[in-house]
Amino acid sequence: MQFRFLIPITGLGLAMLAAPLVAQDAAKGNISISDPWTRETAASQTVGGGFMTIRNNGQSADRLLSIASSQAAEVQIHTMRVEAGVMKMRQVQGGIAIPAGKAVTLKPGATHIMFIGLKKPFKPGDMIPATLRFERAGSVKVRFAVQAIGTTSAAEAHHAGH
Amino acid sequence: MPDIEQPQPNGPAAVRKLLWVMAAIAALLGGLLYLGLEKSGAEKTAPVAGALPFGGPFELTRADGTALTDASLAGRPYAIFFGFTRCPDVCPTTLARLALLRKKLGADGHKFDIVFVSVDPERDRPNDIGAYADMFGTPIIAATGTDAQLARIRKGFGVYVKKVPIDAAKPDGDYTMDHTAGIFLMDGQGRLSSIIDYHEADATALDKLRMLVR
């Protein structure tokens with residue numbers, strides 16, 4: 001178990017040295033997080049969505065159990081669907097499975113995280129710290145880049161950030 | 001029929017011709033009679049299906065405190081979307097999409113209004129929705145109303161809204177809202193032109209908007 005972790009960590013360490021790393025990307029154990037982003041919020045908004053891609057580089061399935069942030073009273077995982085023209089959002093219980101060797105993308109219009117009870121409005125350019133807790137990989141610290149409210153995809157967020 | 005007393009012309013061909021003429025006159029008279037009945041009946045009952053009332057009449061309050069009604073919107077087409085400012089996903093996505101579609105339409109993009117109605121008056125004050133709508137970088141008319149006013153416009157547009165607690169274990173805690181995610185396109189006469197579905201491709205949505213402002 002411990003030995004298995006060593007190789008990917010070393011690999012990621014080398015990758016970090018070799019390539020210019022996007023500031024907000026994060027990794028721990030077999031889990032790597034790319035493009036964590038969120039949207040700016042209006043003064044009246046007390047919630048905000050959070051999006052990112054979680055990759056499991058290992059050979060064992062992992063699970064995102066929970067998320068916490070100093071900038072929100074609570075952070076939850078939600079699904080979002082538009083069914084028969086009606087938007088429905090529901091809290092996900094028990095976390096999200098991150099299958100071995102696969103990437104799971106949390107994005108607008110699908111499963112995403114929700115910052116609930118914002119301490120203050122999110123402003124473009126702010127970085128929102130959060131800790132993701134995984135069943136196997138443990139805690140991973142990430143920073144969600146706040147993008148303009150009109151941002152609808154990680155690609156746009158990525159462009160805006162450079 | 002008085003024609004039947006007329007002396008018969010010579011030959012079977014002539015008889016057949018006369019019968020055809022009589023049949024045509026009878027059909028014409030019958031048709032006129034039917035149309036007359038139809039018209040007088042229509043005046044007393046509902047308009048025909050194509051003109052069934054959709055949308056208005058309604059009255060809401062704009063972000064600046066002034067009234068927004070179906071009458072104040074008349075004369076210019078508009079795209080209307082129902083949501084709430086605490087909606088973290090579909091609402092900003094949809095309003096951002098409308099802003100982008102407007103941009104793609106060039107000059108045509110400014111031939112219609114974008115209207116955002118908050119169906120969450122409990123939490124969205126008029127100035128809240130104004131500040132929210134201003135974030136999208138394009139003019140958006142933001143409005144909300146009393147429960148009764150919102151019930152009326154929701155009925156007019158057939159909009160579904162349901163409050164759902166974010167945490168099922170805390171029914172009185174924070175809530176989200178299931179709501180209709182389509183964009184209704186209304187023409188300058190306040191008639192439904194089309195609906196843009198959440199899942200629809202931008203190319204289709206652009207065609208619908210071009211048709212709206214044509």
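Shielding of peptide B:78-90 by partners, expressed as the average count of other chain Cβ atoms within 10 Å per residue Cβ, is 5. Of all lysines in the structure, those lying under 23 Å Cα to Cα from B:LYS162, and not within fewer than 8 positions of it along the same chain, are A:LYS88, B:LYS170. Among the aspartates and glutamates, which have Cα under 19 Å from the Cα of B:LYS104 when same-chain residues fewer than 8 positions away are ignored? The reachable aspartates and glutamates, counting only those whose Cα sits under 19 Å from B:LYS104, are A:GLU156, B:ASP113, B:ASP197, B:GLU200, B:ASP202, B:ASP207.
Normalised by the number of residues in segment A:94-162, the mean separation of alpha-carbon contacts (under 8 Å, six or more apart) gives a relative contact order of 24 percent.
All C-alpha pair distances within segment B:56-214, sorted into 10 Å bins from zero, spread as 11, 42, 37, 9, 2, 0 percent across the bins.
Note that segment B:73-125 shows a convex hull volume over its alpha carbon atoms of 74 Å³ per residue. Contact order, relative form, for segment A:33-152: 37 percent (alpha carbon pairs under 8 Å, 6 or more residues apart, mean separation divided by residue count).
Pairing chains A and B buries close to 2400 square angstrom of accessible surface in total, based on protein heavy atoms and a 1.4 angstrom probe. Ranking B:THR85, B:THR66 by solvent-accessible area of protein heavy atoms (1.4 Å probe, all protein chains present), from largest to smallest, gives B:THR66, B:THR85.
The values are calculated or read from the model by the stated rules, or taken from the named source; none is laboratory data. The model shown is predicted, which means the values in this text are computed figures rather than measured ones. Here the Cβ is made from the backbone with ideal geometry for all residues, glycine too, and neighbour counts use every protein chain on show. Ligands, DNA and RNA are stripped out before the accessible areas are found, and what is left, the full protein with its side chains, is counted by its heavy atoms. Shrake-Rupley method; radii C 1.70, N 1.55, O 1.52, S 1.80 Å.
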